[in-house]
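I have placed the structure first, in the form of structure tokens, so that the comments after it can refer back to it.
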Amino acid sequence: MTGLVYICIATLLIALAPVLAKKGIRKSKPTIGAAFAATALTVICIFLNKGALRGLNVAGWGMWTWIYVLLSGLTTAFCILFLFKSAHNSEVMHFLPVIKCNMVLVILLSFVIYKSQISTRQWIVIALTIIGMLLMIIGEGGEKGWKWLGFAVLSVLCYSVFLIIDSHYLSSIDSGLLMTIRLIIAVIIIWCIAMTSGGGNTIRSMSFLDGVILILAGVVYGLSMIFYSRAAAALGSSQLMYIYNANLFVSMIFATLLLGEKITPKKLIGALLMIAALFI
């Protein structure tokens, strides 16, 4: 029963994070929004992995390990930046379905780069995900045309690249520790980009509430990982995914309640197809 409560909380939190991010950057630069949220998430990850960080021994890392770690941090930074750029120029129900296609791109990139075989089941997943995503975004140009779509695709591409780097070249490093190191590098890069593009003026002019919401977006995402890991320990990852996979639909509900976005029949069908693909 405890595990079920944990996974329900994790699902609600992971669904709320992009909605808070969108709400927080409506009147501020997306680079500053990314910096605030990523910093909050990084602080949580440092707290969770402080023991592993204290015992970290990088003396044994070779040149290529350092290169891959830095590349992983760099792609993470741009993944977050492009995500916030996309969110700034569209609605949650526009950019989020594209972001949810990340595993499709991972499968396709693994096929192209490493000649990994794609099973019939994976082809079905790819087809359902793409069809569902298209149903959700076709005819939905967003607040500022289709610029958001390019940023969303770039975010997904960066996510796929750092995931491949982590799984193929950095698998010997503990996943929680690697995520923390990756985020520390990413936050430094994001703040450098934000402050060299007029971020200081943006911070001075943005409202206190927007700042709190952006920090909360990062905190909520971090808390979702904590509750997910606790649920996994209690239930096992195979069982909890049946609930966790519904977070796209929950995000749509939050976007309707907090941002006034509308759930149309076409978007609902698209979301159901994407969720069905995850169950497969």
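A few points about this structure:
- Shape category assigned to the stretch 36-98 from the gyration tensor of Cα positions, a/c cut at 1.5: oblate
- Projected label distance in nm at Val43 and Ser167, using a 7 Å step from Cα toward the beta-carbon: 3.3
- Rounded, prolate or oblate (a/c below 1.5 giving rounded, otherwise prolate when a/b exceeds b/c) for the stretch 128-258 by Cα gyration tensor: rounded
- Counting charges near Ala255 (Lys, Arg +1; Asp, Glu -1) among other residues having Cβ under 11 Å from its Cβ returns a value of +2.
- Those Cys residues of the chain for which no other cysteine Cβ falls under 4.7 Å: Cys8, Cys45, Cys101, Cys192
- The stretch 26-97-the stretch 244-280 distance, computed between alpha-carbon centres (Å): 25
- Net charge of the neighbourhood of Ile203, taken over other residues with C-beta under 14 Å away and scored Lys/Arg +1, Asp/Glu -1, is +2.
- Scanning the chain for chymotrypsin sites (Phe, Trp or Tyr not before Pro) that sit in a DSSP loop and have at most 16 other Cβ atoms within 10 Å, the longest stretch containing none of them is 147-280.
- With the simple model of a label 7 Å out from the Cα in the direction of the Cβ, Ile280 to Ile124 spans 0.6 nm.
- Label reach from Ile243 (point 7 Å along Cα→C-beta): in the stretch 1-37, amide nitrogens under 18 Å belong to 1-17.
- Label positions at Ala59 and Ile269, each projected 7 Å from the Cα along the C-beta direction, are separated by 6.4 nm.
- Cβ-Cβ FRET estimate between Ile67 and Ala233, R0 fixed at 30 Å, reported to 0.05: 0.30
- Length-normalised contact order of the stretch 2-279 in % [C-alpha pairs under 8 Å, at least 6 apart]: 45
- Extension reserve of the Thr2-Leu257 stretch, reckoned as 0.36 nm per residue once the Cα distance is removed: 89.0 nm
- Scanning the chain for trypsin sites (Lys or Arg not before Pro) that sit in a DSSP loop and have at most 15 other Cβ atoms within 10 Å, the longest stretch containing none of them is 145-261.
- Net charge, Ser175 excluded, C-beta distance under 13 Å - Lys, Arg +1, Asp, Glu -1: -1
- Exposure proxy ranking, count of Cβ atoms within 10 Å, fewest first, for Met63, Met195: Met63, Met195
- Candidate values (1) 141; (2) 120; (3) 131, label of the one derived for volume of the Cα convex hull per residue in Å³: (1)
Any read-out appearing in this document is the output of simple, stated calculations on the displayed coordinates, not a laboratory observation. Values in this document were obtained by computation on a predicted structure and should not be read as measured data. All Cβ positions, even for glycine, are placed from backbone atoms using ideal geometry, and neighbour counts span all protein chains on display.
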